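Report on the following structure.
Derivation of every value follows stated rules applied to the coordinates shown; laboratory data play no part. Just so we're clear, the structure is a prediction, and the values are computed from it rather than from any experiment. In this analysis, Cβ positions are derived from the backbone assuming ideal geometry, glycine residues included, and neighbour counts consider all displayed protein chains.
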Amino acid sequence: MRTERHAGRIALLALAALAAAALRAETSGPATGRTAGEEEKPKAGGDWQHWHANNDVTDLPSAQRGARNFVSYCLGCHSLKYERWSRLGTDLGIPADLLQKDLLPPGDKPLQYIQTSMPPADAEAWFGKVPPDLSLMARARGRDYIYQFLKTFYVDPTRQTGANNLRLPTTAMPHVLSELEGLKRAVFREETRAAEGGSSRELVFDHFETLAPGRLSPVEYDRFVRDTVNFLDYVSEPTQTARRALGVWVVLFLLVFTWLAWLVKREYWKDVH
Ligand code: HEC
């Protein structure tokens, strides 16, 4: 009996240690990124690698705005081939008539998948590659990646599209949001790095300079991008809100069940010892 109690205590301790480690891992990730950014006091955009989308998929109005943004600015080139219009309407609480009026392209039916009308062959000819389907992009690349991608376009006359990107250098995607964000220039500084057999010079991004303001203020543009990322995050796993809400109940059930099982075990073993 004593050894049993001893083993129970060890198991409890191990569980507590595991929980503490998990908690530390969760809080330390973004926190270190933030403090590093604050200490350096970077110039405009200098800390872009530490930008976080910080979106919230349970925020329905934000996801609805994101859906509107997607239809207006992305659907021309990108599909969401694993999501149907009707599912989007149900999940985001958009009534059928509004869905039809505001989001569905003319001629599309609610039961159809969300497809771009751009023929792949034309896309290939215009951009050199077919714009990828974005259904799973938030899971494949991460939310922060898309957020940084949409916020680090800059004017580059050497590129065919007139734009370049810090997150995906020499990207084939034009800066389709320039009308909203405005135009910015990337300023690079030369850095000398000690390398084997001497030193090498390389250009390192320093900061952005605004060339022309857009229709939205920086704060509004930031919200625009966050809403769009939020929507893509939802599309990449439409059930995630339900899954998380259900998870709490599953864990609670398991806890209660463990307690009941322990009570039963105690009752059974009472007569043996
Ligand atoms: C004019 C056509 C066009 C529009 C409109 C457009 N894109 Fe793209 N997009 C592209 C092309 C082309 C690529 C492929 C870029 C590459 O691989 O260099 C791409 C790639 C991407 C990628 C993947 C980047 C990667 O790492 O592979 C993401 C994410 C993306 N677009 C998001 C968006 C979002 C969000 C919108 C709407 C705000 C949008 N795009 C609007 C043409 C477009």
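Excluding LEU166 itself, calculate the net charge of residues whose Cβ lies under 12 Å from the Cβ of LEU166, where each Lys or Arg counts +1 and each Asp or Glu counts -1. Can you show the working numbers first?
Numbers: positive: LYS151, ARG167, LYS184; negative: ASP47, ASP156, ASP206.
For residues surrounding LEU166, the net value is 0.
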> Taking the Cα centre of the stretch 41-238 as the origin, how large is its charge dipole in debye, to the nearest 20, when only Lys and Arg (+1) and Asp and Glu (-1) carry charge on their Cβ atoms?
Replying inline: 60 debye
>> Need the list of lysines near LYS184 for cross-linking: C-alpha distance under 27 angstrom, and skip anything on the same chain fewer than eight residues off.
In response: LYS41, LYS43, LYS129, LYS151
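Local charge sum around GLU190 (other residues, Cβ-Cβ under 9 Å, Lys/Arg +1, Asp/Glu -1)?
Values: positive: ARG189, ARG201; negative: GLU191, GLU202.
So the surrounding residues net to 0.
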> Under 18 Å from the Cα of LYS101, which aspartates and glutamates turn up, not counting those fewer than eight places away in the same chain?
Replying inline: ASP91
